[in-house]
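Read the structure below first, then the notes.
The values are calculated or read from the model by the stated rules, or taken from the named source; none is laboratory data. Owing to the predicted nature of the structure, the values given are computational and were not obtained by experimental measurement. Here the Cβ positions follow ideal geometry from the backbone for every residue, glycine too, while neighbour counts run over all protein chains shown. Heavy atoms of the whole protein, side chains included, go into the accessibility calculation; ligands, DNA and RNA do not. Shrake-Rupley method; radii C 1.70, N 1.55, O 1.52, S 1.80 Å.
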Amino acid sequence: MTNQTVGLLNQFVDVGHDFQGLENTFFCSDVATTFDNDTASGTVRWLRRSLKPRMAFNQTVTPYENSKSWEFPPEYPENPESPFSLSFISPRTVRLRVGVRPEPLRDEPSLMLAQPLVCGPVWKATLVEGGVDYRSEFGSVSIRLDPWRIEFRDARGALLTHTVHHTDCVGLLNCDPVPFSHVRRSSDLARRFAASFSLAPNEKVFGCGESFTRLNKRGQKIPMWTCDAHGVQGNGMYKPVPFFLSSQGYGMFVHTTAPATFDFGCSHDATTTLFLGDESLDLYFFIGEPKEVLAEYTALTGRSPMPPLWSFGLWMSRITYKSEQETREVAGELRKHQIPCDVIHLDTGWFETDWRCDYRFSPSRFPNPAKMIADLREMGFRISLWQLPYFTPKNPLYREIIDKGFVVRSASGGIPTEDAILDFSNPEAVEYYQKLLAELLEIGVAAIKADFGEAAPLHGLYASGLSGFYEHNLYPLRYNKAVAEVTQRVTGENIIWARSTWAGGQRYPLHWGGDAENTDSAMSATLRGGLSIGLCGFSFWSHDIGGFVRKSPEGLYRRWLPFGMLTSHSRCHGAPPKEPWAYGETFVEDFRRATELKYRLMPYIYAQAKESSERGLPMMRALFLEYPHDHTSWFIEDEYLFGSDLLVAPLLEESAVRSVYLPPGKWIDYQTGLVYSGSQWHRIKAGKIPVILLVRDGAALPHAAIAQSTDQIDWRSLDLVVFASDANEATAALCLPDDGQLHILQLQLKDGTFHVVDNPLCSKTELTVQRPGKGGFAA
């Protein structure tokens with residue numbers, strides 16, 4: 001739906017709908033009328049067309065028909081011209097900009113980019129018949145002038161993709177596929193853009209943010225619109241990101257905040273069409289394999305800084321702990337049952353009135369929050385607090401923020417929704433909001449949960465001078481930034497807990513997967529969402545273990561636990577009860593075993609986090625990210641690599657045995673010690689911990705002794721467990737919290753024992769090298 005036909009508040013804006021309107025005027029890219037080889041810029045002429053209904057064999061279709069100008073006075077060009085340009089950012093990255101009006105293309109400051117854009121040297125230009133080729137060591141981009149077409153190739157000269165010209169429409173209907181074009185809407189004379197590119201027959205597409213649908217987006221139409229998805233089994237997204245990568249060896253980032261619809265061969269199998277709400281196209285094209293594409297994309301939009309060590313521990317929560325007494329009891333029970341844990345999260349119930357976020361602890365139920373926080377800190381716990389930027393009419397801050405002009409306004413000068421919604425595009429509103437958070441952080445609160453943020457009104461007016469058409473998707477990024485900056489300023493740490501975001505949000509870790517249902521299907525969809533957002537440069541991510549909506553079924557909760565623990569960040573949250581002792585002693589033992597697995601692996605996790613942060617990689621990785629030349633790895637969406645050395649296959653159904661695909665090489669079962677050959681499928685049974693967990697042959701995983709919190713981990717003495725079936729060498733990654741540097745250790749087999757060749761950390765930690773026994777390495 002377009003914003004003209006939306007019937008319900010905050011529903012998708014489908015920009016593609018405008019390209020079906022008979023009342024609109026269409027302009028298809030035709031020929032380049034000018035081009036300067038040195039500046040890689042020129043002008044393109046657009047062929048005017050309209051959709052004309054045609055009946056044939058009792059069916060009506062709407063192909064294009066060339067049309068004449070029908071404006072008055074006759075001063076408007078029939079076939080207008082507008083500028084386009086190429087900029088060369090790096091040897092792998094090209095920026096393509098195309099306008100739809102005659103005005104010059106302009107650069108504006110962008111919150112999505114990590115820093116002001118700096119272009120590299122122009123790639124080597126070669127004049128060819130009909131155009132110009134620009135080459136780097138990694139690929140080329142070619143401009144063809146008549147017909148106007150842009151082609152991208154890899155270093156070997158193989159075609160990656162090209163823009164779709166109207167003469168490429170060779171089917172029975174000349175409107176299939178939608179060519180590279182723009183539309184002028186009759187309702188308001190606004191323009192919308194359709195950037196169409198070719199798709200290869202077996203091409204696969206991944207990304208677009210935290211998308212819960214099938215991991216490969218080929219055949220799907222993806223709305224780029226932040227919304228409260230109310231679950232994880234539809235096409236709504238809390239975290240859309242207008243970036244994707246292709247199995248052909250490229251990626252694209254559309255630099256926009258306007259609504260968009262990405263059509264990956266859904267409407268036409270051979271075409272990707274990016275329907276954009278903008279009046280111009282600003283697109284970054286990356287050449288390379290998936291890791292190389294991610295490196296380029298995150299160099300542009302930023303990489304995730306390292307969150308604090310304690311954040312990698314367990315977060316215990318429910319909706320909601322409502323008193324100091326209850327909070328202390330939960331902390332006591334966790335320690336009594338010897339369940340490692342670092343964070344207790346207080347959700348909507350820490351105010352005097354549940355859900356009414358006034359940024360004040362309830363004086364009747366939390367009489368001394370500072371002392372409570374300090375006491376829990378002595379026990380190894382941090383406190384996280386829920387909040388949101390919507391102020392209900394009964395909130396004591398409601399009238400204040402309206403009177404101070406800190407809220408989103410309507411065209412009439414009032415507020416556009418029932419709540420007063422904080423306007424993060426207003427610097428004074430941000431300062432006011434950050435002061436509220438600072439007062440909490442200064443008494444010892446460790447993290448702020450930035451919930452919601454997806455409902456910035458489309459019809460609202462913002463202090464930036466823009467409407468919600470451009471601020472809606474940007475709102476959660478502004479929100480993330482505000483929370484992250486005040487947290488870093490007060491605590492010195494990079495940590496938030498956010499539900500919504502947009503491109504660039506990876507700079508403000510971390511985000512969780514929203515309100516998952518308590519079902520096997522939702523667990524599977526949650527996994528896809530985590531893999532999908534990881535493929536958009538988000539290194540750190542979490543989800544509600546056991547699901548959110550209702551009480552977690554015990555069997556599901558048990559199987560979800562190791563999946564949650566083998567994610568960068570682990571939180572049990574949702575409808576009560578979430579505490580393991582509410583399910584009985586056997587479940588407590590299972591819960592403890594899964595949690596201890598994570599705490600034992602904390603040195604491995606911390607090192608992998610460091611590497612992911614530095615390189616813009618996700619900790620939770622689709623198999624093809626590490627194995628891009630393995631054909632089958634591109635099809636796997638129900639298992640993942642946790643860092644570079646662990647393969648995780650969660651039990652997504654009530655069975656201890658499942659089929660697992662293993663990439664090339666040998667793999668060793670962490671729990672049983674069994675060795676499996678790669679590049680094939682296996683039926684594998686889980687061990688005591690209900691998950692399939694395998695280690696890459698030749699990996700040495702650093703382990704710590706079990707501790708009740710990360711504060712208590714003894715980093716001075718670590719075990720280096722070598723998983724090697726017949727290898728004579730092994731490698732390990734290690735990063736000590738007080739050192740902060742990533743070290744790659746080499747190990748060699750000598751006299752039947754592995755030895756560290758050189759340990760640059762020998763003055764800081766003693767490494768005991770060992771190998772798992774025949775029965776595997778006990779967690």
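Listing for the model above:
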{"item": "Qualifying residue in the stretch 628-647 (condition: among the polar types (S, T, N, Q) and either buried (at least 23 other Cβ atoms within 10 Å of the Cβ) or in contact with a Lys or Arg (Cβ under 8 Å, 6 or more places away or on another chain) (or both))", "result": "yes"}
{"item": "All positions within the stretch 183-194 that are more than 17 Å from Thr62 (Cα to Cα) and surrounded by 24 or more Cβ atoms within 10 Å (Cβ to Cβ)", "result": "Arg192, Phe193, Ala194"}
{"item": "Selection from the stretch 332-356 of residues that are β-branched (Val, Ile, Thr) and free of Cβ contacts under 8 Å to residues at least 60 places away in the same chain", "result": "Ile344, Thr348, Thr353"}
{"item": "Enumeration of residues in the stretch 648-665 that are open to solvent by 10 Å² or more (accessible area, probe 1.4 Å) and either touching a residue at least 24 places away in the same chain (Cβ under 8 Å) or among the charged types (D, E, K, R) (or both)", "result": "Leu652, Glu653, Glu654, Ala656, Val657, Arg658, Ser659, Pro664, Gly665"}
{"item": "Segments classed as strands (runs of 3 or more DSSP E), wholly inside the stretch 206-317, with at least 2 members that are farther than 28 Å from Gly139 by Cβ and open to solvent by 10 Å² or more (accessible area, probe 1.4 Å)", "result": "220-224"}
{"item": "Scan of the stretch 594-612 for residues that are touching a His at 6+ places or on another chain (Cβ under 9 Å), part of a helix (DSSP H, G or I) and of a type in the set (A, V, I, L, M), ordered by number", "result": "Met602, Ala607"}
{"item": "Subset tally (residues that are among the acidic types (Asp, Glu) and touching a Leu at 6+ places or on another chain (Cβ under 9 Å)) for the stretch 277-288", "result": "1"}
{"item": "So Glu653, is it within 17 Å of the chain's Cα centre (by Cα) and not in a strand (DSSP E or B)", "result": "no"}
{"item": "Selection within the stretch 360-386 - outside any helix (DSSP H, G or I) and open to solvent by 10 Å² or more (accessible area, probe 1.4 Å)", "result": "Arg360, Phe361, Pro363, Ser364, Arg365, Pro367, Asn368, Met379, Arg382"}
{"item": "Every pair of residues 6+ apart whose Cβ atoms lie under 8 Å, when the first sits in the stretch 197-216 and is free of Cβ contacts under 8 Å to residues at least 12 places away in the same chain and among the acidic types (Asp, Glu) while the second is open to solvent by less than 10 Å² (accessible area, probe 1.4 Å) and part of a strand (DSSP E or B)", "result": "none"}
{"item": "Test: residue in the stretch 741-762 that is on the phi > 0 side of the Ramachandran plot, touching a residue at least 24 places away in the same chain (Cβ under 8 Å), of a type outside the set (S, T, N, Q) and open to solvent by 10 Å² or more (accessible area, probe 1.4 Å)", "result": "no"}
{"item": "Selection count, the stretch 217-235, where residues are in contact (Cβ under 8 Å) with a residue 60 or more places away in the chain and not aromatic (Phe, Trp, Tyr)", "result": "11"}
{"item": "Unique residue being open to solvent by less than 30 Å² (accessible area, probe 1.4 Å), among the aliphatic types (A, V, I, L, M) and part of a loop (DSSP other than H, G, I, E, B) when the list is Ile706, Ile668, Ile684, Ile689", "result": "Ile689"}
{"item": "Residues that are touching a helix residue (DSSP H, G or I) at 6+ places or on another chain (Cβ under 9 Å) and assigned to a loop (DSSP other than H, G, I, E, B), drawn from the stretch 146-163", "result": "Pro147"}
{"item": "For Ser50: the one exception among (1) farther than 23 Å from Leu172 by Cβ; (2) at pLDDT 95 or above", "result": "(1)"}
{"item": "Matching entry among Ser142, Ser110, Ser136 (being buried (at least 17 other Cβ atoms within 10 Å of the Cβ) and either of a type in the set (A, V, I, L, M, F, W, C) or under 20 Å from Val44 (Cβ atoms) (or both))", "result": "Ser142"}
{"item": "Single residue of Leu531, Leu556, Leu535, Leu566 found to be more than 22 Å from the chain's Cα centre (by Cα) and open to solvent by less than 30 Å² (accessible area, probe 1.4 Å)", "result": "Leu556"}
{"item": "Residue count for the stretch 403-419, restricted to those that are under 33 Å from the mean Cα position of the chain (by Cα) and either part of a helix (DSSP H, G or I) or of a type in the set (Phe, Trp, Tyr) (or both)", "result": "1"}
{"item": "Residue in the stretch 247-255 that is within 21 Å of Ser425 (Cα to Cα) and either modelled with pLDDT of 95 or more or within 17 Å of the chain's Cα centre (by Cα) (or both) present", "result": "yes"}
{"item": "Where Ala484 falls short, out of the listed (1) under 30 Å from Phe540 (Cβ atoms); (2) within 27 Å of the chain's Cα centre (by Cα); (3) in a loop (DSSP other than H, G, I, E, B)", "result": "(3)"}
{"item": "Condition broken by Asn395, with the remaining ones in (1) open to solvent by less than 10 Å² (accessible area, probe 1.4 Å); (2) over 22 Å from Ile448 (Cβ atoms) satisfied", "result": "(2)"}
